[in-house]
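The structure under discussion appears below in the form of structure tokens.
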Amino acid sequence: MPFFSYKALDSNGAVIKGMVDEIDINVAQNNISQSGLHVLTISRSSILTDLYLKHLKVSGVKSRDIIEFASNLAVMLRAGLPLMTSILDIADTSDNKRFRTRLLDIKRSVELGSGFSVALSQHHDVFPEIFINLVAIGEETGRLDASLSDIAIHLQRMEDLRSAIIRALMYPAFALVGTTGALLFWLIYVLPKMSQLFLSMDITLPLMTQFLLVASDFSSQNWPLFFIVPVSILIIVKILNHYEKTKYHVDALMLQLPVIKLILHNKLLALFSEQLRILLSAGVTIDRAFDIMIKVMNHAVFRKALLETKDAILLGGRISESLKQHQSLFPNIVFRMVSIGESTGNLTEQLNYLSEYFLNKLDDISQKLGKLIEPIVILVIGGIFVVIILGLLSPIYDLISGINN
């Protein structure tokens, strides 16, 4: 939504300046007026300002702020405090100024007659969709405190999932960047100086040395390509991801890559188990739960599988049997635990077990991945530098041998 800058008078006659993001200028003016201000001027900001403000607006709010808000609000509502008082108290004690502004805006919207979930939906760039949906369900059932408590637990698990993925990818990323940087340093800075010495020698250069000199010459003349090509690939992939067909093939390819498959597959299974658990615990129907998961799941292959599973369930199939049609995505443990949960009536408990199982598996992967990749990285780096050293020493050895002869 675009941003609108305004100048208005409050009830005391003081001039207030601010910015709001709304669908259009009329909605923005109405909302400002409803908050008790008299609008003097209002105008739409530029596109560049919109992009900057949207990034600034979201970047200041961390997932930890959202988790603490849900947890604290659940405790305060359970203690019998009114919703408005609770939100105001949390806003006053928040260390994050941007998040405090969000909370005060939510409080003002509720005071003007909006539902709590509707007020949260106006800040969907910060509050995830499942947060808003579960709050709406809590309002409908009168169990808002329980829904918020479940949300806090769910978001904490999602944060643990994100941390496990970062830990798993940190060492491979560092190794890749470090190795590439060292190799480029040798090719662009060191070898060109050595090549002048070799070319001044009146000897036939070994094939390995000639290869290194050609690679060094290419790298020195075209070094911007080493930065442009990776960025271009990322941009192309992002553009292709906007098209469902190409995104499906890209996501399918990601599930085939050795290390990426191990991390991505377990992440998607943990997300599926946790999302379905929290939705069913809140009393959401199966079809609505799958609809929400399909929107949340940012993976075309899994999304297609969930859509087909939902259709099979609506036709009368059991969840476990419907999932079994996609054995390439869901391992046997998922079918087994879901089937037991359906038979015994404790599906949420089985999904809770699955969620913890895949989260622990991801955590285990993150701890072992570095040890598994380290020998490979050492071998690759060692091999590269053996080639470089031999390519540099061979001409010198030939020169010394020629002088001795």
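What follows draws every value from the coordinates through simple rules; no lab data is involved. Bear in mind the structure is a predicted one, so any value in this text is a computation, not a measurement. So basically every Cβ, Gly included, is an ideal-geometry build from the backbone, and we count neighbours across all protein chains shown.
Numbers for the structure displayed
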{"quantity": "Local electrostatic count at Asp291 - Lys and Arg +1, Asp and Glu -1, tallied over other residues with Cβ under 13 Å", "calculated": "+1"}
{"quantity": "Positive-end extreme of charge dipole, the chain - chosen from Gly382, Gly345, Gln156 (charges on Cβ)", "calculated": "Gly382"}
{"quantity": "Mean shadow area of the chain, taken as a quarter of the surface of its Cα convex hull (nm²)", "calculated": "28.5 nm²"}
{"quantity": "Contact order relative to length of the chain, as percent, for alpha carbon pairs under 8 angstrom and 6 or more apart", "calculated": "14 percent"}
{"quantity": "Among Phe218, Asn96, Leu205 the positive-end extreme of the charge dipole of the chain (Cβ point charges)", "calculated": "Leu205"}
{"quantity": "Per-residue Cβ neighbour rank within 10 angstrom, fewest leading, His242, His124, His299", "calculated": "His242, His124, His299"}
{"quantity": "The range 274-341: equivalent-ellipsoid semi-axes (sqrt of 5 x gyration tensor eigenvalues, Cα, Å)", "calculated": "16, 15, 12"}
{"quantity": "Where Rh is the Kirkwood radius over Cα pairs, Rg/Rh for the range 63-156", "calculated": "0.91"}
{"quantity": "Lys, Arg +1 and Asp, Glu -1 on Cβ, resulting dipole of the chain about Cα centre, debye, nearest 20", "calculated": "240 debye"}
